[in-house]
Amino acid sequence: MNVLVLNAGSATVKFQVVVTDADRIACDQDEKLLRGQIERIGGEAVITVRGADGVNRKRTAQLRDMRSAVEWLVGFITDPESGTGISSRAELQAVGHRVVHGGEQFRRSSLIDEAVLRGIEENVELAPLHNPHNLRGIDAARAALGSGVPQVAVFDTAFHQTLPEHAYLYAIPYPLYRRHKIRRYGFHGTSHRSIAYRFRKLTGRERADVRIVTLHLGNGCSACAIQGGESIDTSMGFTPLEGLVMGTRSGDIDAALLDYIAAKEGLSLTQVEALLNTQSGLLGLSGLTNDMRDLLLEAKEMQDRRARLAIEIFCYRVRKYVGSYLAVLGGADAVVFAGGIGENAPEVRSRIGEGLAWAGLHIDEAANTQMVGGHEGCISTPESSLQAWVVPTDEELLIARDTYRVVTGITAPS
């Protein structure tokens, strides 16, 4: 099945074209024909495309909205220049969409029909910055390919719907949860599920026997405690703001700070929330950048104190969550790193691991240094009772596989 994967944002859409079926999934031989993203939709859009040769190619086009962007994309995919070998729209057999928030309704990926569309719309107030754009992506794909092409929604929150009540409820008046569904939902679920599945494949473990802490560390960061293939706790909460220090998000703070900052700075609560989401985290601490690569360079070459401080706080918060999740799990087999930072920053992994020797984790620095640029494997010493692994996340591949499974009626493993 040729699956078009779409991740639609406000002025961007990331995409992949993946060939998959049951045999390819079983053998990990899914074929990625094309990937890339369209940015600055609404004017002169910048389009980055990477074919099977792995080379990025850039171009521009006037794309006024999401419909015109997806229409352009479908036209390019079916053009011989794309190198996909797909010559007609009829050969795009399904579309898989990343949908950020599924609320409590959606515990698994779902074939998009009118009821599913209503469910996504009902959760707009829980994800006002994401779900509306995801809906526009669905509409654009339907306009470009016709209503006869099946579309599947893969929800970021679905994997965390296995959290027990004691993990997802806040200690606020219970009627607020009943009336407004105020609870911890968790995000990055597609990534954590992808990491856990790949870890099982690499280690030959059965789903029921796995206890791991997965770390999605990028501009957005989250930790997840996984037991028996299910998420039992995760760091993000009602929104993606809770939890670890991130590129521009603060992570955990005292809730009373919102009123205090508002009063001291003359800001509205909405403005304070925006400050915590877009001006905090690594950017706010360092005053320089939200890019960990640049911070590591500044700390090393310029001895920048605030860059060092930002890195230290970032690693401390991750280590703190890992420790708490080891307690939640009653011990674990491994800590698994993924995401842009988790996959490509050996120094950050080393700093996180340094504080976990008490749990039996010892980083093999030679292996750690080599594990970058898409490589996967164990980075702990043989005598470590708690292992550390690097397992690159592949959310788009999981979306493509789920799309195939939902369309064909095959049950998907977690």
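Treat the stretch 324-414 as a sphere of radius equal to its Kirkwood radius over Cα pairs and apply Stokes-Einstein at 37 °C in a medium of 0.692 mPa s; give the translational diffusion coefficient in µm²/s, rounded to a whole number.
226
Between the stretch 338-407 and the stretch 234-293, what's the alpha-carbon centroid distance in Å?
Comparing the Cα centres of the stretch 338-407 and the stretch 234-293, I get a distance of 27 Å.
The stretch 171-185 to the stretch 98-114: how many Å between their Cα centroids?
If we compute the Cα centre of each part, the gap is 21 Å.
What is the diffusion coefficient of the chain in µm²/s, taking the Kirkwood radius over Cα pairs and the Stokes-Einstein relation at 20 °C with a viscosity of 1.002 mPa s?
96
Given N residues in the stretch 147-224, what is its alpha carbon radius of gyration divided by 2.2 N^0.38 Å?
1.38
Per residue, what accessible area does the chain have, given a 1.4 Å probe and all protein chains present, in Å²?
So the chain comes to 45 Å² accessible per residue, rounded to a whole number.
Whenever you get a sec, line up Arg193, Arg89 from highest to lowest accessible area (probe 1.4 Å, protein heavy atoms).
Details: Arg193 35, Arg89 85 Å².
Descending accessible area places them as Arg89, Arg193.
If you roll a 1.4 angstrom probe over the protein chains with everything in place, what fraction of the accessible area of the chain belongs to carbon and sulfur, to the nearest %?
50
Would you tally the net charge around Leu34, using a Cβ to Cβ cut-off of less than 14 Å, leaving Leu34 out, and scoring K and R as +1, D and E as -1?
-1
So what is the calculated 222 nm ellipticity per residue for the chain, using -39500 (n - 2.57) for each DSSP H run with n of 4 or more, over all residues, to the nearest 500 deg cm²/dmol? Walk me through the numbers before you get to the answer.
Values: 16 runs with 163 residues, N = 414.
Mean residue ellipticity at 222 nm (helix-derived): -11500 deg cm²/dmol.
Compute the separation of the alpha-carbon centres of the stretch 312-328 and the stretch 4-42 and state it in Å as a whole number.
Result: 32 Å between the Cα centres.
Given Lys58/Lys300; Lys32/Lys58; Lys14/Lys181, which pairs have Cα atoms separated by over 25 Å? Intermediate values should be presented prior to the final figure.
Numbers: Lys58/Lys300 33 Å; Lys32/Lys58 19 Å; Lys14/Lys181 30 Å.
From Lys58/Lys300; Lys32/Lys58; Lys14/Lys181, over 25 Å: Lys58/Lys300; Lys14/Lys181.
Under Stokes-Einstein, with the Kirkwood radius over Cα pairs standing in for Rh, what whole-number D in µm²/s applies to the stretch 6-153 at 25 °C and 0.890 mPa s?
Rounded, D is 153 µm²/s.
Quick one: in the stretch 1-81, what % of C-alpha pairs are over 18 Å apart? Display every interim value, and only then the final one.
Working: 1351 of 3240 pairs.
Of all Cα-Cα distances in the stretch 1-81, 42 percent exceed 18 Å.
Quick check: net charge around Ala143, other residues with Cβ under 13 Å of its Cβ, Lys/Arg +1 and Asp/Glu -1?
The answer is +1.
The values are calculated or read from the model by the stated rules, or taken from the named source; none is laboratory data. Keep in mind that this is a model prediction, so the values were computed, not measured. Don't worry about glycine lacking a Cβ; one is built from the backbone with ideal geometry, like all the others, and counts go over all protein chains shown. The accessibility values were calculated without ligands, DNA or RNA, using every heavy atom of the protein model including side chains. Shrake-Rupley method; radii C 1.70, N 1.55, O 1.52, S 1.80 Å.
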